[in-house]
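Comments concern the structure below.
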Amino acid sequence: MTKAEIIQEISVKTGVEKNQVQEVVESFFRVVRNNMTEGRNVYFRGFGSFIIKRRAKKIARNISQNTAMVIDEHFIPSFKPAKTFVEKIKKSEAVKMNASKREAEAKQAMKDA
């Protein structure tokens with residue numbers, strides 16, 4: 001589902017004009033982004049958390065040039081779903097059906113290739 005589809009669905013379900021919904025959605029993303037940029041995590045009870053993860057300094061290998069390189073410590077944004085959200089996904093029949101459908105399509109594509 002894309003952002004445009006989400007905006008359309010919210011607009012239809014609430015009766016609020018599409019441009020107003022778009023501004024709210026954009027504002028939501030702006031607030032999350034700004035808070036995370038300032039080093040704060042964002043929590044939504046029952047949905048999940050947008051958190052900042054620390055990646056430690058490490059030595060990696062460039063296999064094409066056979067050299068070692070240092071990757072400095074850095075921080076990345078991450079999403080951690082709430083337990084109730086994870087349980088709903090695990091129990092969802094629609095998710096299972098869509099996964100089966102994608103697997104069948106992938107197998108068919110492999111046969112056709």
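No value in this document is a laboratory result; all are computed from the given coordinates. Predicted model, so just to flag it, every value in this text is computed and none were measured. Quick reminder, even Gly has a Cβ in these numbers, built from the backbone with ideal geometry, and neighbours come from all protein chains shown.
Consider residue 62 carefully, then state whether it is exposed (fewer than 10 other Cβ atoms within 10 Å of the Cβ), over 30 Å from residue 98 (Cβ atoms) and free of Cβ contacts under 8 Å to residues at least 12 places away in the same chain. Before you say what the answer is, go through the steps one by one.
Working: exposed (fewer than 10 other Cβ atoms within 10 Å of the Cβ): yes; over 30 Å from residue 98 (Cβ atoms): yes; free of Cβ contacts under 8 Å to residues at least 12 places away in the same chain: yes.
In short, yes.
Taking the criterion of being touching a residue at least 12 places away in the same chain (Cβ under 8 Å), under 23 Å from residue 76 (Cβ atoms) and of a type outside the set (Phe, Trp, Tyr), would at least one residue in segment 41-48 satisfy it?
As a first pass, look at segment 41-48 and keep what is touching a residue at least 12 places away in the same chain (Cβ under 8 Å): 44-48.
Now narrow it down to the ones that are under 23 Å from residue 76 (Cβ atoms): 44, 47-48.
Now narrow it down to the ones that are of a type outside the set (Phe, Trp, Tyr): 48.
Within segment 41-48, one or more residues are touching a residue at least 12 places away in the same chain (Cβ under 8 Å), under 23 Å from residue 76 (Cβ atoms) and of a type outside the set (Phe, Trp, Tyr).
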